[in-house]
Amino acid sequence: MEKELCGCRVIHQDKVSQARDGSLELHEIEELSQIFKAFGDPSRLRILHALSTQEMCVCDLAALLEISESAVSHQLRLLRTMKLVANRRDGNILYYRLADNHVIDLISLALEHLRENEQVAER
């Protein structure tokens, strides 16, 4: 059955209704978008990957990434705001770690997807 909705034809109303019923809330979409945006920056992704194995301070992350401590601090501030990393203070030094295992799970899943696609392309 065809219906007009916003000038577009709806061919399968039941599918549209089902998808609408299962839709995410707008605030969830916006927050998910921000998380994926954080993963979209190479420096932030490298920081997150480094923190997946151990906690590290800004100086060590800067040495690893070969960028300034200021640039690392800026990226960590964004990641902390998004609740992707957490920190602890030991004297004057802040040590950063992943906020939880979901962060590395997202990276691992995306990497698995990437590697599977590379294998398929090689065949």
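No lab work stands behind these numbers, since they all come straight from the coordinates. In this text, all values refer to a predicted model and were calculated from it rather than measured experimentally. Reconstructed Cβ throughout: ideal geometry from the backbone, glycine too, with neighbour counts over all protein chains shown.
Descriptive notes on the structure:
- Coordinate range along principal axes, alpha carbons of the stretch 42-123, Å, largest first: 53, 25, 19
- Taking the fewest neighbouring Cβ atoms within 10 Å as the starting point, the ordered list for 100, 60, 14 is 14, 100, 60.
- Close amide H contacts of residue 99 (hydrogens built in the peptide plane, cut-off under 5 Å, sequence separation of 5 or more or a different chain): 85, 86.
- A simple rule links phi to the HN-Hα coupling: the Karplus curve 6.51 cos²θ - 1.76 cosθ + 1.60 with θ = phi - 60°, which for the stretch 104-114 gives 5, 4, 5, 5, 4, 5, 5, 5, 4, 4, 4 Hz, with x for Gly and Pro.
- Loop-exposed GluC sites (Glu not before Pro) per DSSP, neighbour cap 15 Cβ within 10 angstrom, longest uninterrupted part of the chain: 67-123
- Coupling constants for the stretch 44-60 follow from the phi torsions by the Karplus curve (6.51 cos²θ - 1.76 cosθ + 1.60, θ = phi - 60°), and in residue order they are 5, 5, 5, 4, 4, 5, 4, 6, 6, 10, 6, 7, 9, 8, 4, 4, 5 Hz; glycine and proline get x.
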